[in-house]
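Report on the structure given below.
Read-outs throughout are calculated quantities, based only on the coordinates presented, and are distinct from any laboratory measurement. From a predicted model like this one, the values you see are computed outputs, not experimental measurements. Reconstructed Cβ throughout: ideal geometry from the backbone, glycine too, with neighbour counts over all protein chains shown.
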Amino acid sequence: MTDTTDPTTLTAPRPLALVTGASSGIGLELARELAEAGHDLVVAAEDAGLEIAAEGLREAGGAVQPVRVDLRSAAGVDELWAAVRGTGRDLDVAAVNAGVGVGGPFLETDVEAEVALVDLNVTSTVRLTKLVLRTMAARGTGRVLLTSSVVADVPGTYQAVYGASKAFVLSFAEALQEELRGSDVTITALLPGPTDTAFFERAGMLDTPVGRAAKDDPADVAAQGVAALLAGRSKVVAGSVASKAQGLAGRVLPDALLAKVHRAVAQPDDRREA
């Protein structure tokens, strides 16, 4: 359901940014970074925590319009885009960040949960990015951040569909970068490592080594992501030194080895040999 905030309140000369998945985690911190950098916001998520998040974001001094919407459907994407267009303002920045994970053996995981993952992580990213980029290209300027993952370069053993979805996002971002080369519309791929959010709990991965391990601060990830976005950089592996090393390993090590390494960190405890 779209928030009824009066769009005429978004009239300041501040640039306008859209952030999805903004009720918590990396998305909330991306929105906070953009607000503190001087942007007004349209923020989206499907859960009730979005309203609380929006109240906190307003403390940065800008206007914030929350849009509670399910982006897994085409109608949800269209509803969000109508809210953006309803502000009557140009969209300067879009952080297409909403995503979910599913962990566990592929033979046993719920296919409906995985199809819903593809609908959010892949299909909604394509639908929303299409709308955003057509508008930005017509205007001749804009910044887009697409949230992928360090697992994009790694066969995601025990996260098979999630890993594939993030590989899609990275490839998608890199292809768009080439298509838009020479324009003032930039695409930045954000590749976080394991981050301290609700992701692993929601993905059913608390019984894995990566689920229990120390993780990066989402505020640090977001700060690095927004810095790269505003600078027009093509890609940023964000987070700690360990996460950056993981990103490097994903580019240089053989896929067969990477699949085994990922198995070691993502395999549920009940699948391990005694």
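For the reader, a short list of remarks on this structure follows.
- Segment 50-73: number of residues that are under 18 Å from residue 21 (Cβ atoms), surrounded by fewer than 18 Cβ atoms within 10 Å (Cβ to Cβ) and not charged (D, E, K, R): 3
- Pairing residues of segment 98-116 that are more than 10 Å from residue 158 (Cα to Cα) with residues that are aromatic (Phe, Trp, Tyr) and buried (at least 18 other Cβ atoms within 10 Å of the Cβ), at Cβ distances under 6 Å and at least 6 apart in sequence or on separate chains, gives 101/162; 101/199.
- Answer from 190, 253, 229, 248 - the residue that is surrounded by fewer than 20 Cβ atoms within 10 Å (Cβ to Cβ), touching a strand residue (DSSP E or B) at 6+ places or on another chain (Cβ under 8 Å) and either within 30 Å of residue 38 (Cα to Cα) or of a type outside the set (Ser, Thr, Tyr) (or both): 248
- Taking segment 158-220 and the helices (runs of 4 or more DSSP H) fully enclosed by it, the elements with 1 or more residues that are within 21 Å of residue 127 (Cβ to Cβ) and either out of contact with any Leu (no Cβ under 6 Å at 6 or more places or on another chain) or not aromatic (Phe, Trp, Tyr) (or both) are at 160-179.
- The set of residues in segment 28-48 that are of a type in the set (Gly, Ala, Ser), part of a loop (DSSP other than H, G, I, E, B) and on the phi < 0 side of the Ramachandran plot comprises 37, 48.
- Among the candidates 221, 261, 226, 252, residue that is farther than 21 Å from residue 92 by Cβ, aliphatic (A, V, I, L, M), out of contact with any Ser or Thr (no Cβ under 8 Å at 6 or more places or on another chain) and in contact (Cβ under 8 Å) with a residue 40 or more places away in the chain: 261
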